[in-house]
1. In percent, how large is the relative contact order of the chain, given Cα pairs closer than 8 Å and 6 or more residues apart?
2. I'd like the FRET efficiency for Thr90 and Val26, computed as 1/(1 + (r/R0)^6) with the beta carbon distance as r and R0 of 30 Å, rounded to 0.05.
3. Exposed loop sites here are trypsin sites (Lys or Arg not before Pro) in DSSP loop states with at most 16 other C-beta atoms within 10 Å. What is the longest stretch of the chain lacking them?
4. Around Pro105, with a cut-off of 14 angstrom between Cβ atoms, what is the net charge of the other residues, counting Lys and Arg +1 and Asp and Glu -1?
5. Taking 0.36 nm per residue of separation and subtracting the Cα-Cα distance, what length does fully extending Thr7 through Glu60 add?
6. Only four residue types carry charge here, +1 at the Cβ of Lys and Arg and -1 at the Cβ of Asp and Glu. Report the dipole size of the range 1-101 about the Cα centre in Debye, rounded to the nearest 20.
7. Summing +1 for each Lys or Arg and -1 for each Asp or Glu, what net charge is found among the other residues whose Cβ lies under 14 Å from the Cβ of Thr90?
8. In the chain, once you exclude exposed GluC sites (Glu not before Pro) (DSSP loop, at most 15 other Cβ within 10 angstrom), what's the longest stretch remaining?
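Quick note: the coordinates plus some simple rules give every number you see, no bench work behind them. Please read all numbers here as calculations on a predicted model, not as lab measurements. Don't worry about glycine lacking a Cβ; one is built from the backbone with ideal geometry, like all the others, and counts go over all protein chains shown.
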Amino acid sequence: TTALRDTKTIAGHVCRGFRISGASAVLDLYVAPGLPIGHSAFTDFLEWSGATQSLAGFVEEMRKLPGFPLETRSRITVLGEMQETLSTVTRVKVGPAERRLFEPPPGYRLERDTEEAP
């Protein structure tokens, strides 16, 4: 892992760049150190998605970065061909989540199965 010289402002946050290199992949990540969410939310998502299987060793390096990644660029060689992916967060809203996001939608009701098992 090496620090990149340039910084970027992404979704209103100044981000530091880092490059993580391996045998068949290179990841550039721009992280925002000032967000109240740690990198573990990102790396936990990668583990949940199964991406850690193809990124062996990279996730542990990502855990060492000082902030949450707002931009990731991956260049991975698969069967001799370079595949590139760029993901950029375009909006960050800091604050409590709206309560309605955690409530059942209007008209929702719980129905119990009234049939008894034989």
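1. Numbers: 163 pairs, mean separation 27.1, N = 118.
For the chain, the relative contact order is 23 percent.
2. Once rounded, the FRET efficiency stands at 0.80.
3. 1-63
4. +1
5. In short, 16.8 nm is gained.
6. In total the dipole reaches around 400 debye.
7. Neighbour charge sum, excluding Thr90 itself: +2.
8. 1-97
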